[in-house]
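Novice: Got a structure for you, questions after.
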Amino acid sequence: MPDARQTEIQHQDPGAGPPAGPKRRWRFSEVLQDLAAEGPERIAIADILTAFGDRAFGALMLVFAVPNIVPTPPGTSSVLGAPLLFITFQLMIGRPVLWLPRLITQRSVARADFARLVERMVPWLAKAERLLRPRLSILIGPVPDRFIGAACLLLAIILFMPIPLGNMVPALAISAFAIGLVERDGIAVSVGWAVSAGALAILAAVSAALWAALRAFLETLLGVTI
């Protein structure tokens, strides 16, 4: 396991191509399956960072966002949303190296639980990978990635908030962005932008409804018009 005091994973130039070594680069789903297959009883965030190497930004965004697409126990979105705040902020400012504090890198889950999560993710992820490929490069690169980071940071903040069922759409948008970053696919990024717009529209509608209800309650309680 890498030194937990400072875990840094290189986020290489997307145009640089795969690193030297094996000719075929493992797919995202294959890396997840390999992580879940064998090893110690627990798997730490640092292990995931090491496994994904230069794809750490998109990979970690996907790992932390996907569980929130389905209904989860109260408080889960806050736990998973905290690392997303660190990751998306660094993507937004254009940091070439992903750094996470020891408090996060040392967090671990039972490998059996991680394996169950991977088992749920892999079928649809494998189907998506057959459709994904590098394209629409104008939507991906040093400058576009910063805008993606800013959008995902805002979505992560929304996801972090304790809004009932309010984590599903932001998580879906972050997942689309993450897949686009990992596979350098501008179509996936476009889906992320579209879903982000929907997430913000839903948030605006919910906020307006809550404010209207609060205002009506205060007017009834105080007997004045607000």
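The values are calculated or read from the model by the stated rules, or taken from the named source; none is laboratory data. All figures in this text were calculated on a predicted structure; none of them were measured in a lab. Ideal geometry is used to build each Cβ from the backbone, glycine not excepted, and the neighbour counts take in all protein chains shown. Side chains are part of the model used for accessible areas, which takes the heavy atoms of the whole protein and leaves out ligands, DNA and RNA. Shrake-Rupley method; radii C 1.70, N 1.55, O 1.52, S 1.80 Å.
Novice: Quick one: which residues, 5+ away or cross-chain, put their amide H under 5 Å from the amide H of LEU136? H built at 1.01 Å from N.
Specialist: Close amide H contacts, sequence-distant or interchain: GLY186.
Novice: On to the next question. In square angstrom, what is the accessible area per residue of the stretch 80-127 with a 1.4 angstrom probe?
Specialist: 50
Novice: Now for a separate question. From the square roots a ≥ b ≥ c of the eigenvalues of the alpha-carbon gyration tensor of the stretch 120-186, which class results: rounded (a/c under 1.5), prolate (a/b over b/c), or oblate?
Specialist: Oblate, since a/c reaches 1.5 and b/c is not below a/b.
Novice: Before I look further, what does the stretch 176-226 give for accessible area per residue, probe 1.4 Å, in whole square angstrom?
Specialist: 55
Novice: Hey, another quick one. Along the Cα→Cβ direction, 7 angstrom out, place labels at SER190 and ALA37. What is the inter-label distance in nm?
Specialist: My value for the distance between the label points is 3.6 nm.
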